[in-house]
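The values are calculated or read from the model by the stated rules, or taken from the named source; none is laboratory data. Please read these numbers as outputs of a predicted model, since none were measured by experiment. Glycine gets a Cβ as well: all are built from the backbone with ideal geometry, and neighbour counts include every protein chain shown. Just so you know, the surface numbers come from the protein's heavy atoms only, side chains and all, with ligands and any DNA or RNA stripped out. Shrake-Rupley method; radii C 1.70, N 1.55, O 1.52, S 1.80 Å.
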Amino acid sequence: MSSTGVVYDQRHELHKCLWDETFPENPERLFAVCDRLKNRGLFERTTLIECKPATEEQILLCHPSSLLEKLKESRNAPDAEALENACKQFEEIYLTQDSFDCALLAVGGAIEAARAVATGKCRNAFAIIRPPGHHSYEANPNGFCIFNNIAIAAKQVVKEFDLKRVLIVDVDIHAPQGTLRSIADSEQILLISIHNYMGGAIWPFMKETNFDYDGNTINVPLNAPGLSDAEYLAAFQHFIIPIAIEYNPQLILVSAGFDAGLGDPLGGQKVTPACFGHLTRMLMGVAEGKVCLILEGGYFKASFIESAEMSLRALLGDPLPLLHIHQRLCPTFIESLRCCISHQAKRWKCCASTLNLLQQQQTASDSEIASMSLSIFVGQPIFEHFERIIRDRRCSTRNWFPRPRSPHSLGDVQLLSGRTSEMNAVLCVAFLLVVAFAVFLQPVNCSPVKGEWRMASKLSEGMVKKRSVYGPYKHLQGYAFMPKKSYGMWSHLPDSRREGFNFVDGGGFMKSDNENPSLFALPVQ
Ligand code: Q9C
Ligand code: ZN
């Protein structure tokens with residue numbers, strides 16, 4: 001039996017942000033994953049797949065040549081400042097002089113991994129590459145992604161091996177608007193994605209990422225934070241896997257982002273590393289096990305290195321830790337899943353029969369037959385706001401994210417780090433000092449960036465309220481400010497009050513180097 005292939009290339013580390021060392025998508029992500037896999041003796045059990053740069057012809061499968069030309073210029077940029085300025089034309093992208101070549105290499109890695117599995121040279125594979133790819137489409141690199149690695153790889157293998165059905169499963173917490181658009185014209189590719197949607201009030205603010213999208217993309221929108229293994233397993237068990245079986249793909253490519261994982265600062269969900277292994281394993285029951293994982297996001301090291309390890313162990317056929325599910329499914333999630341099943345019942349027999357079963361149960365238990373829910377999309381105002389920010393080039397990648405919090409401050413993940421009571425005492429004192437400083441220095445110390453940050457952090461309980469504002473922000477009186485974790489807002493606000501607000505995306509609190517604090521505040525309607 002042929003072995004598990006791994007793509008890994010040192011050269012991917014040359015892509016890094018030169019002007020913001022807190023940027024979450026950094027070379028450290030690859031070192032960390034590879035160190036872990038080496039230390040656990042997993043690398044020596046795999047076959048290294050040689051990674052070569054994608055050709056321009058391959059990039060053109062998804063992007064226009066104008067983009068290639070534009071990006072190529074970064075090779076000759078004189079300095080970091082020039083690069084930073086050039087990046088303002090893109091949304092959340094940074095470039096170094098090596099980034100263009102790194103991005104070609106990432107696409108090449110995805111292609112080689114997909115090829116190895118498609119030809120049977122490897123029975124399955126894991127492409128550990130960066131920059132990630134699933135947000136990029138046409139001339140729009142965005143969301144840390146330069147070229148759409150997975151969409152290009154899918155189109156390449158379809159073309160090269162004349163495949164009729166390639167399935168892409170995207171478990172990264174961010175909606176893959178890039179992959180959705182890149183494959184929209186491909187009859188041989190189907191995308192199924194599970195991602196944060198939050199009523200449309202989260203980046204990329206697109207209605208097409210909701211359950212009622214029709215096309216060759218199937219969405220499982222998540223409208224609540226804090227979801228965990230139970231919800232992901234249910235989505236796979238009752239929806240994603242049945243559709244995958246019915247579709248009967250010849251090859252499965254997985255956008256393996258681990259930012260739905262426990263403790264991830266961008267994701268807000270709580271999938272455990274072991275669960276990522278089990279999800280991979282469930283997919284291995286389809287397409288004769290021809291599964292190729294392609295790395296996407298994942299920004300909390302302690303969590304994503306383990307998720308990557310568990311996923312690779314699944315590919316290798318190692319036993320995985322048992323999952324302990326001791327929670328009921330989140331009702332908001334159940335509603336999403338029901339919407340997905342009802343909507344897809346038109347196209348997929350498996351969904352039609354699940355729907356039928358649900359309705360029988362409801363009749364038997366004499367409860368009312370749940371009707372289809374409305375498709376909610378409240379993202380339009382913030383989407384337009386965002387478009388304006390990008391269009392006017394009012395932002396850069398600098399300081400879009402708060403400094404990473406230390407693992408100790410991440411509620412659930414404390415479990416991973418065995419904290420002593422002395423440390424607790426020290427942390428308490430430090431916390432009180434910080435609070436005291438924040439309170440007392442507030443009126444004096446008012447640089448724009450610090451000011452914005454403070455206003456936001458004051459609301460970190462997750463409530464939206466009308467605030468009285470003073471100092472340089474007086475004109476923002478009566479606005480709702482986004483707390484550090486806007487996901488919190490969804491859990492704190494009763495449904496009836498949600499429509500009244502515009503939400504600012506919480507996938508990393510947006511700070512900026514411009515002078516306009518209204519970026520961070522939206523009027524309370
Ligand atoms: N405050 C990947 O995980 N964030 N990309 C937009 C701005 C976009 C993440 C929010 C995050 C993109 C591959
Ligand atoms: Zn992501």
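Key figures for this structure:
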item	result
Mean accessible surface per residue for the stretch 95-136, computed with a 1.4 Å probe while every protein chain stays in place, in Å²	18 Å²
Rg [Å, one decimal], Dmax [Å, integer] - the stretch 123-234, C-alpha atoms	14.1, 42
Sites R75 and Q360 - FRET efficiency at Förster radius 51 Å, r taken between beta-carbons, to 0.05	0.25
Distance histogram for the stretch 74-161 (every C-alpha pair counted, 5 angstrom bins, percent rounded to whole numbers)	3, 15, 22, 22, 15, 10, 7, 4, 2, 0
Dimensionless Rg ratio for the stretch 181-280, taking C-alpha atoms and the 2.2 N^0.38 Å reference	1.08
Of all accessible heavy-atom area on the stretch 90-199, the percent that carbon and sulfur account for (1.4 Å)	43 percent
Convex hull projection area averaged over all views, the stretch 18-145, Cα basis, nm²	8.6 nm²
Ratio Rg/Rh [Cα only; Rh per Kirkwood] for the stretch 77-127	1.23
Alpha carbon centroid spacing (whole Å) that separates the stretch 127-167 from the stretch 295-350	22 Å
Trypsin sites (Lys or Arg not before Pro) within the stretch 254-356, DSSP loop, no more than 13 other Cβ atoms inside 10 Å	R328, K346, R347
Potential lengthening between F43 and M423 on full extension [0.36 nm per residue; Cα-Cα distance subtracted]	133.2 nm
Theoretical gain in end-to-end length, T22 to L68 [0.36 nm per residue, Cα-Cα removed]	13.8 nm
The stretch 1-71 - percent relative contact order, Cα under 8 Å, separation 6 or more	41 percent
Paramagnetic reach from K121 in the stretch 1-15 [backbone N under 16 Å; point 7 Å along Cα→Cβ]	2-9
Mean shadow area of the stretch 1-78 over all directions, Cα convex hull, nm²	7.8 nm²
Alpha-carbon centroid distance for the pair the stretch 51-125 / the stretch 196-211, whole angstrom	27 Å
Accessible area of the stretch 167-289 divided out per residue, in Å², using a probe of 1.4 angstrom	23 Å²
Segment F31-V435, extension gain: residue separation times 0.36 nm, minus the distance between their alpha carbons	141.9 nm
